[in-house]
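What follows draws every value from the coordinates through simple rules; no lab data is involved. Everything quoted here is computed from the prediction, not taken from an experiment. Methodologically, a virtual Cβ is constructed for each residue, glycine included, from the backbone with ideal geometry; neighbour enumeration extends over all protein chains shown.
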Amino acid sequence: MSTSSGTTLSRDLLSNVAIRKTARTARVSSWDHSGLNEDAWVVLPGETAVLADLEGPGTITHLWFVQTCRRILGPGLIPYSKSGVAMMEVHNALGLSYEDSDPDYYRNVLIRMYWDDSETPNVIAPIGDFFCVGHSMAANFQSLPFTVSVKPSEEKKYGGSAAFNCYLQMPFNKRARIEIENQGSEAYFQYFYIDYELHPEPLSKEVLYFHAHWRRENPTNGWAPAGMQTNSLETQVPNLDGKNNYTILETEGAGQYIGCNHSVAHFQGTWWGEGDDMIFIDDDTWPPSMHGTGGEDYFTQGWGMQKNAYPFCGSIIHEEDVPNHQVSYRWHLADPVRFNKKIRVTLESGHANHLRDDWSSTAYWYQTLPGPKLDILPAEKRIPRKPDFPAGPVPDGPDVEALDDKRKAMIAQRKDRMDAFVKDRNEWLDRRAKDSRARSKQNIEDAKDVRRRFLASLEE
């Protein structure tokens, strides 16, 4: 576009980097302030860690998170205090270490975000589900706002190690606070980058604030017996109000819904996705402003879900790869769903809500403040379903008293080694958790200094 003052560029993603902007880019991260390499923060069970507490105005532009949470199953040969790593990535068959990933930590650890004067979180979700890890099974996928990268050996495992990225913009005028809470029973390790920009002037009144909320219905409110097959004659009843649909998002205010991830554990072994999407906006009664034709249709697929991950839609876990499990996503970034008073985003659980499955979802949207008071289920109600192994009763242990002295001594030795190994690791964890708390406080002060120097530079 040409004006009297010159030609300007459009404000799209690629053109934007060629336009000068008065701002200061900065980062808060988990880096080791001592200059050594213990870059992961340790968050002990029951603790909350403040990852970022920033003064505005500004915009968070990128999140990178890598995490682990390990269960010690037996004594290793290398004490953690001598190892210099957050976890032993050694196969348990080699006898050097004996540990595994906590299968539930992606649901046990919560992420919360607060903007400006909000007293309750504007974002609350399990750490995994926020980054599109459904059922606590990490799986590789790439989309425009979120990516997940998983090593082949960890793919589609409960608690599998993964790297997360989020590129959604998160503006704030006065203050931004991001924290994680470990509601599990094991120590949690967090590497992170939180990249942001500082602005010289307050945000305009047109700017909306990022929100995200996780929900679960386990089971969904299906009316039919388990044996009533999807698409059978008996399921063909009308749904002309949408009142019993699964709710992905419900909020009041003005803003725009930008999408969700959606996780299903389907019990019937037929098809979970025959339910229509219905989005009620502002003064809608019936029909809603947006009425769709099926679950896979909402996720912009057809004839079921396919094994693909596109910029705005796709499958993260496909039910053919993990039987009876599906994780899907849909981003309304090119086609935001706008509302001026309120919105309710819903999806039928099977046609006319006949299925009783395990559904969960994370909704993402921007809206005016104050936002809704978001809550979340307690940890024990967030745990994903997992197959039992070994199936049936656990085999009884041996009769130790009937063993010879040599074997009894080996059992006692193992216990002594385990006690010493755990003691050493717990002392190491306590030291690192204390250091993490100190880094959290120092990061806040460092961010204040960056802001002070940025504002001073504008006066030069």
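Residues of region 63-94 with amide nitrogen under 18 Å from the 7 Å Cα-to-Cβ point of Glu427? The answer is 75-85. Rg and Dmax of region 199-286, based on Cα coordinates, read 18.1, 63 Å.
Of the GluC sites (Glu not before Pro) found in region 153-213, those that fall in a DSSP loop while having at most 11 other beta-carbon atoms within 10 Å are Glu206.
With all pairs of separate Cα atoms included, region 18-114 yields a Kirkwood hydrodynamic radius of 16.9 Å. Between Arg175 and Ala412, the FRET efficiency from the beta-carbon distance, with R0 = 60 Å, is close to 0.60. With θ taken as phi - 60° and the Karplus curve 6.51 cos²θ - 1.76 cosθ + 1.60 applied, the whole-hertz 3J(HN,Hα) list for region 320-327 is 7, 8, 10, x, 6, 10, 9, 10 Hz, x standing for glycine and proline.
For the chain, what is the calculated [θ] at 222 nm in deg cm²/dmol (nearest 500), taking -39500 (n - 2.57) for each run of four or more DSSP H residues and dividing by its residue count?
Working: 5 runs with 69 residues, N = 460.
For the chain, the value works out to -5000 deg cm²/dmol.
Could you size up the charge dipole of region 208-382 around its Cα centre, putting +1 on the beta carbon of Lys and Arg and -1 on that of Asp and Glu, and report it in debye to the nearest 20? Could you put the intermediate results ahead of the total?
Numbers: 13 positive and 22 negative charges, 109 e Å.
Value, rounded to 20: 520 debye.
In the calculated pair distance distribution of region 23-207, what percentage of Cα-Cα distances lie above 30 Å? The partial results should precede the final answer.
Working: 3859 of 17020 pairs.
When all Cα pairs of region 23-207 are counted, 23 percent exceed 30 Å.
On the beta carbon distance between Asp195 and Gln236, with R0 = 51 Å, the FRET formula returns roughly 0.50.
Starting from the Cα gyration tensor of region 208-382, take the square roots of the eigenvalues, sort them a ≥ b ≥ c, and report rounded, prolate or oblate (rounded when a/c is under 1.5, otherwise prolate if a/b is larger than b/c, else oblate).
Numbers: a/c = 1.57, a/b = 1.40, b/c = 1.12.
It is prolate, given that a/c is not under 1.5 and a/b is the larger ratio.
Each of Gly295, Pro57, Gln442 was scored by the projection of its Cα onto the charge dipole of the chain, and the greatest displacement toward the positive side belongs to Gln442; charges sit on the C-beta of Lys, Arg, Asp and Glu.
Using the beta-carbon distance between Gln229 and Arg20 and R0 = 60 Å, what value does 1/(1 + (r/R0)^6) give for FRET efficiency, to the nearest 0.05? Write out the running numbers ahead of the final one.
On the way: r = 62 Å, r/R0 = 1.03.
Taking R0 as 60 Å, the efficiency between Gln229 and Arg20 is 0.45.
Taking max minus min of the alpha-carbon positions on each principal axis, region 259-300 gives extents of 38, 19, 17 Å, largest first.
Separation of region 1-76 from region 111-153 is 14 Å, based on Cα centroids.
Applied to region 445-460, the Karplus parametrisation 6.51 cos²θ - 1.76 cosθ + 1.60 on θ = phi - 60° returns per-residue 3J(HN,Hα) values of 5, 5, 5, 4, 5, 4, 5, 4, 5, 5, 5, 5, 5, 6, 8, 6 Hz, with x for Gly and Pro.
Hey, got the dipole for the chain? About the Cα centre, +1 on K and R Cβ, -1 on D and E Cβ, debye to the nearest 20? Please list the in-between numbers first.
Values: 50 positive and 64 negative charges, 223 e Å.
So the magnitude is around 1080 debye.
Normalised by the number of residues in the chain, the mean separation of alpha-carbon contacts (under 8 Å, six or more apart) gives a relative contact order of 22 percent.
With K and R counted +1 and D and E -1, the other residues having a Cβ less than 13 Å from that of Ser161 yield a net charge of -2.
Going down the table (Lys205/Lys342; Lys157/Lys415; Lys21/Lys205), which pairs top 21 Å between alpha carbons? It would help to have the intermediate numbers written out before the result.
Details: Lys205/Lys342 19 Å; Lys157/Lys415 29 Å; Lys21/Lys205 19 Å.
Pairs exceeding 21 Å: Lys157/Lys415.
The string of couplings for region 345-358 from the Karplus curve (6.51, -1.76, 1.60, θ = phi - 60°) is 9, 9, 8, 5, 8, x, 4, 6, 6, 8, 8, 10, 10, 9 Hz, one whole number per residue in order, with x for Gly and Pro.
Restricting the calculation to alpha carbons of the chain gives Rg and Dmax of 24.9, 96 angstrom. Of the residues Gly304, Met418, Asn353, the one whose Cα sits farthest towards the positive end of the charge dipole of the chain is Met418 (charges of +1 on Lys and Arg Cβ, -1 on Asp and Glu Cβ, taken about the Cα centre).
Within region 185-265, list the trypsin sites (Lys or Arg not before Pro) lying in a DSSP loop whose Cβ has at most 15 other Cβ atoms in a 10 Å radius. Walk me through the numbers on the way to the answer.
Working: sites: Lys205, Arg215, Arg216, Lys243; in loops: Lys205, Lys243.
Counting only loop positions with at most 15 other Cβ atoms within 10 Å, the trypsin sites (Lys or Arg not before Pro) in region 185-265 are Lys205, Lys243.
Going by a ≥ b ≥ c, the root eigenvalues of the Cα gyration tensor, does region 166-231 fall in the rounded group (a/c under 1.5), the prolate group (a/b larger than b/c) or the oblate group? The partial results should precede the final answer.
Details: a/c = 3.75, a/b = 1.79, b/c = 2.10.
Oblate, since a/c reaches 1.5 and b/c is not below a/b.
The trypsin sites (Lys or Arg not before Pro) of region 377-425 that DSSP puts in a loop, and whose beta carbon has at most 13 other beta carbons within 10 Å, are Arg385.
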